[in-house]
Amino acid sequence: MITLILGIILKKFYINMPEGVLLITLVVPLLFPLRGLLQAKRYTHAWGSFLSCWYLVIGVDVWVENPALSATILLCTTIWFTGMVLFARFSPLDWKEIPKPRAKTKNK
């Protein structure tokens, strides 16, 4: 999150910033949930969807400068968010997450 905020601030103040620095600040946050996504963990998909909200902000912010790039970012962000939420909602529960049945009590 910090790198995304830093990337937005740097792009606003330093217009002639090299594209490589901007690319690094946008790609690094995507590496944090990568391990959990590759292992198909529901929890990682759930909080990874919140990470997509920052890219939504970036897409809206870029709209004035480059509408085509912004539309691409917004489309990819929407697909990413929808996929993460649907996976977290409809994936089968892990055996550790399945609640144990309660013991039945006898009524006297």
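Values computed for the structure shown
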item: Shape call, segment 16-91: gyration tensor on alpha carbons, a/c limit 1.5; result: oblate
item: Inter-site label distance for V64 and K104 at 7 Å from Cα along Cβ, in nm; result: 6.8 nm
item: Where labels lie 7 Å past Cα in the beta-carbon direction, separation of T72 and V21 in nm; result: 2.2 nm
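Here, each number is a calculation from the coordinates, and none is a lab measurement. The structure presented is a predicted model; accordingly, all values stated were derived computationally and were not measured. Ideal geometry is used to build each Cβ from the backbone, glycine not excepted, and the neighbour counts take in all protein chains shown.
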